[in-house]
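Peer 1: Pasting in a structure now, in structure tokens, and then I'll have a few things to ask.
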Amino acid sequence: MKTILIVNANIVNEGRIQQLDVLMKNGRFEKIASSINAEEADEVIDAKGKYLLPGLIDDQVHFREPGLTHKANIYTESRAAVAGGITSFMEMPNTVPNALTQELLEDKYQIAAKNSIANYSFFMGASNDNIEEVLKTDPRKVCGVKVFMGSSTGNMLVDNEDTLNNIFSKVPMLIATHCEDEATIRANTAAAKAKYGEDVPIEMHPIIRSEEACYLSSSLAVKLAKEHGSRLHVLHISTGKETELFDNSIPLEKKKITAEACVHHLWFSDEDYREKGTLIKWNPAVKTASDRATIFQALLDDKIDVLATDHAPHTLEEKQNKYFSAPSGGPLVQHNLMALLDFHKQGKISLEKIVEKASHNVATLFRIEERGYIREGYHADCVLVDLEKEYTVTKNNILAKCGWSPFEGHTFPSSVHSTFVNGNKVYENGGVIEAGVGERMLFKTNGI
């Protein structure tokens, strides 16, 4: 493994920006100082004018392996991730078969150990009838338990009240929830079909998967967590109303109930369905410009704790079906950081806040060992960005296996220059370098 020295970087870390040198050796940040002798390194990178950030940690992706690899796999999507400055990811259990047993969960870790360029962890899945398997999960080696409280994905809809109470009362680990009320969605779907038949327009998506559906489910999750003292993390907040459920009066280290925002709910609104159609069909749905603004403010105000992607690719052929046949989800890992830097250029968010929400807080919330910060002794995961170099998304530079992006045609004002995972340079100037592999993330089990 090369010893790499980055000099003259503007390091964005722990609420400050400082021009420092960084030496990466044996997979770790060996030294961080105002000046480091170039003779200590095999390779020297002059980062003058550029910004060095801790690698982003994405706490919600769907990389589709096993079972749905015509859409994506861990290798292809981890390549796209590092090209977007994401050095670690946590993947969801609704693969095929669903990760509902310890054996099926471990199968995914074995695939990642061979193929992932980024660091990885996988959520254990909960169903209405696998509580015994869920309770076998090792909290040191697994990021959390995922509960779909509103989903029609295989056997993963958990809608039984006794099961939910069982999970929230017995699971000591972090419980991550997808919150949409299934009964409300079914009633809204029936009403839409009564009006439009099978040709329901995509503009109805946020009305079918409505604010009420989201709030009913997320407020139930918060209620259960408070009753049982659970660690609850509510994923992909899509409505302004839901932000009222979360607290910013205590530090993240002391919070037991937390929330996530995703880049698509910060970027798009229901005004974009006319142009983008089913390419921006996600669950929960992209909603109003007012919802978008409230979510963004809640992120800045610390009611929402972390930023993620919910990267969930489907083939373009699948996405181009009519409303009911087009699956929800899209590829986002490659362009997430560029979108956040775009927001920064617009004056909406500071670089320090981006790093806090997309790196530091994810590490803190999930109690990840020695990642998420640029600190001596920590794993050397970082990303060098050029705030002045534009990047236009085209078919030719999309790395996700599905080959399309909801950002296609957009020119971002800033770009990712290079990415480092465990001290290995894995991406530089548009190309992924097949050097080194990601590592399994580990988690502190005795608090922070």
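Peer 1: Compute the distance in nm between two label points, each set 7 Å from the Cα along the Cα-to-Cβ direction, one at ASP159 and one at LYS389.
Peer 2: 5.0 nm
Peer 1: Can you tell me which of 76-88, 414-426, 314-326 comes out highest on packing, and rank the rest after it, using the mean Cβ neighbours within 10 Å?
Peer 2: 76-88, 414-426, 314-326
Peer 1: Another one. If I take every Cα pair under 8 Å that is 6 or more residues apart in the chain, average their sequence separation and divide by the length, what percent do I get for the relative contact order?
Peer 2: Averaging sequence separation for qualifying contacts and normalising by length gives 21 percent for the chain.
Peer 1: Using Cα atoms only, what is the angle between the long axis of helix 161-170 and the major principal axis of the chain, expressed in degrees (0 to 90) to the nearest 10?
Peer 2: Taking the Cα atoms of the chain, the angle to 161-170 is about 30 degrees.
Peer 1: Next question. For a protection proxy built on the mean count of beta-carbon atoms within 10 angstrom, sort 301-308, 132-139 highest first, please. Display every interim value, and only then the final one.
Peer 2: On the way: 301-308: 22.8, 132-139: 15.5.
Top to bottom by mean Cβ count within 10 Å: 301-308, 132-139.
Peer 1: If you scale each eigenvalue of the Cα gyration tensor by 5 and take the root, what three semi-axes come out for the stretch 100-188, rounded to whole angstrom and sorted largest first?
Peer 2: Value: 25, 16, 11 Å, ordered largest first.
Peer 1: Right, next: Size of the stretch 4-53 along its principal axes in angstrom, Cα-based, largest extent first?
Peer 2: 29, 20, 15
Peer 1: Under a point spin-label approximation (7 Å from Cα along Cα-to-Cβ), what is the ALA191-ALA293 distance to one decimal in nm?
Peer 2: Simple spin-label model gives 2.5 nm for this pair.
Peer 1: Evaluate the relative contact order of the stretch 1-89 (contact order divided by residue number), counting alpha-carbon pairs under 8 angstrom at least 6 apart; express in whole percent.
Peer 2: 28 percent
Peer 1: Okay, next question. Just to confirm the number: angle between the C-alpha axis of helix 74-83 and the first principal axis of the chain, 0 to 90 degrees, nearest 10?
Peer 2: Once rounded, one gets 60 degrees.
Peer 1: Turning to a different aspect of this structure: Treating the angle as unsigned and between 0 and 90°, give the value, to the nearest 10°, between the Cα long axis of helix 182-196 and the longest Cα principal axis of the chain.
Peer 2: 70 degrees
Peer 1: Over all directions, the average projected area of the alpha-carbon convex hull for the chain comes to how many nm²?
Peer 2: So the Cα hull casts an average projection of 19.3 nm².
Peer 1: Debye calculation, C-alpha points only, no solvent: report log10 I(q)/I(0) for the stretch 24-102 at q = 0.11, 0.21, 0.23, 0.24 Å⁻¹, in the same order as the q values.
Peer 2: Debye intensities relative to I(0), on a log10 scale: -0.48, -1.01, -1.13, -1.19.
Peer 1: How long are the semi-axes of the ellipsoid equivalent to the stretch 1-156, from square roots of 5 times the Cα gyration tensor eigenvalues, in whole Å, largest first?
Peer 2: Gyration-tensor ellipsoid for the stretch 1-156: 38, 15, 14 Å.
Peer 1: For LYS114 and GLN320, calculate 0.36 nm times their separation in residues minus their Cα-Cα distance, and state this gained length in nm to one decimal.
Peer 2: Separation in residues times 0.36 nm, less the Cα-Cα distance, equals 70.8 nm.
Peer 1: If you count, for each residue, the other Cβ atoms within 10 Å and average over each peptide, how do 374-383, 196-205 line up from highest to lowest?
Peer 2: Output ranking for 374-383, 196-205: 374-383, 196-205.
Peer 1: Quick one: pull the percent of accessible area on the chain belonging to carbon and sulfur, 1.4 Å probe, ligands and nucleic acids left out.
Peer 2: Roughly 45 percent of what the probe reaches on the chain is carbon or sulfur.
Peer 1: Helix-only mean residue ellipticity at 222 nm, the chain, DSSP H runs n ≥ 4 weighted -39,500 (n - 2.57), per residue, nearest 500. What is it?
Peer 2: On the way: 14 runs with 121 residues, N = 448.
After summing the helix terms and dividing by residue count, I get -7500 deg cm²/dmol.
Peer 1: At 0.890 mPa s and 25 °C, plugging the Kirkwood radius over alpha-carbon pairs of the stretch 217-340 into Stokes-Einstein gives what diffusion coefficient in µm²/s? Spell out each step's value before the answer.
Peer 2: Values: Rh = 15.4 Å.
D = 160 µm²/s.
Peer 1: Efficiency by 1/(1 + (r/R0)^6): what FRET value for ASP129 and ARG440, r their Cβ-Cβ distance, R0 = 22 Å, to the nearest 0.05?
Peer 2: The calculated FRET efficiency here is 0.20.
Peer 1: In addition: Treat the stretch 294-448 as a sphere of radius equal to its Kirkwood radius over Cα pairs and apply Stokes-Einstein at 25 °C in a medium of 0.890 mPa s; give the translational diffusion coefficient in µm²/s, rounded to a whole number.
Peer 2: In µm²/s, the coefficient is 141.
Peer 1: How large is the Kirkwood hydrodynamic radius of the stretch 119-243, counting all unique pairs of alpha carbons, in Å?
Peer 2: Taking every pair of different Cα atoms in the stretch 119-243, averaging 1/r and inverting gives 15.5 Å.
Peer 1: Return the distance in nm (one decimal) between the two label points of a simple spin-label model at LYS136 and GLU106, each offset 7 Å from Cα along Cα→Cβ.
Peer 2: 0.8 nm
The values are calculated or read from the model by the stated rules, or taken from the named source; none is laboratory data. Owing to the predicted nature of the structure, the values given are computational and were not obtained by experimental measurement. Note that each Cβ is placed from the backbone with ideal geometry, even for glycine, and that neighbours are counted across all protein chains shown. Note: accessible area is taken over every heavy atom of the protein model, side chains too, but ligands, DNA and RNA are not part of it. Shrake-Rupley method; radii C 1.70, N 1.55, O 1.52, S 1.80 Å.
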